[in-house]
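See below for the structure under consideration.
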Amino acid sequence: LRQPLPNTSFYSDHLLDQSRRLILGRSDLSILLLDDVQLRRKLTSELAAEFGLRVVHESTTPDSNGVVCCSSSWWMNHHDQLPLPGQLIIALLPFPSLELPVIAARVNAFKKQGRDWFRDLLLPDLISTLPIIVDPVRRSHGRLAILDGRLRSRSWGGSVFKALQPWTPLDRLLPS
């Protein structure tokens, strides 16, 4: 319930701590999605320092109990080349990036029209993409963990939860 927001100074420490707790003791494949390249590389190297060769960056040949750190687009393009994961950890919700020229142009067009570019463009894209991202872990009856604090603290979080139905909340992490 108390996930920090991504723009806080301690968010990367939170990601490392929570990812560590989620990975510890897992005997099956874990996928860690993070679209922020710098943060993903930092988290991958910190997890590799602790878990060794189990942790790989965007590789289709992980150990059976491996951890694949990747972007959501890489995952959507390569999930069929991997075994079904036991868990999917979403560090940041995979909203379309405003750094992409196409997305930036669409946002500017929405702004010029006086439309709510977040609720009319980015949020619907996330809501339509998320079930596709989550499908492989659903097929394996695995665990989904979303570490992005905006999910519970923003009014639009309920829409995201609805798109992920059915789901069961976990109040605390228990060994599997």
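Would you say residue 119 is free of Cβ contacts under 8 Å to residues at least 24 places away in the same chain and part of a helix (DSSP H, G or I)? No, not satisfied. For residue 134, the criteria (1) open to solvent by 70 Å² or more (accessible area, probe 1.4 Å); (2) closer than 30 Å to residue 20 by Cβ; (3) of a type in the set (A, V, I, L, M, F, W, C) hold in every case but one, which is (1).
Of everything in the stretch 81-102 that is more than 19 Å from residue 151 (Cα to Cα) and touching a residue at least 12 places away in the same chain (Cβ under 8 Å), the residue that is surrounded by the most Cβ atoms within 10 Å (Cβ to Cβ) is 85.
Those strands (runs of 3 or more DSSP E) of the stretch 1-75 in which 2 or more residues are modelled with pLDDT of 95 or more and within 17 Å of residue 145 (Cβ to Cβ) occupy 30-33, 67-70.
Scanning the stretch 105-116 for residues that are more than 22 Å from residue 154 (Cβ to Cβ) and part of a helix (DSSP H, G or I) turns up 105, 108, 109, 112.
So that you can scan it fast, the table gives a plain yes or no per residue for (1) out of contact with any helix residue (DSSP H, G or I) (no Cβ under 9 Å at 6 or more places or on another chain); (2) outside any helix (DSSP H, G or I):
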residue: 123; (1), (2): no, no
residue: 127; (1), (2): no, no
residue: 130; (1), (2): no, no
residue: 133; (1), (2): no, no
residue: 138; (1), (2): no, no
residue: 141; (1), (2): yes, yes
residue: 145; (1), (2): no, yes
residue: 151; (1), (2): no, no
residue: 155; (1), (2): yes, yes
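The values are calculated or read from the model by the stated rules, or taken from the named source; none is laboratory data. On a predicted model such as this, the values are computed, not experimentally measured, just so you know. A quick note on method: Cβ atoms are made from the backbone with ideal geometry, for glycine too, and the neighbour counts reach across all protein chains shown. Side chains are part of the model used for accessible areas, which takes the heavy atoms of the whole protein and leaves out ligands, DNA and RNA. Shrake-Rupley method; radii C 1.70, N 1.55, O 1.52, S 1.80 Å.
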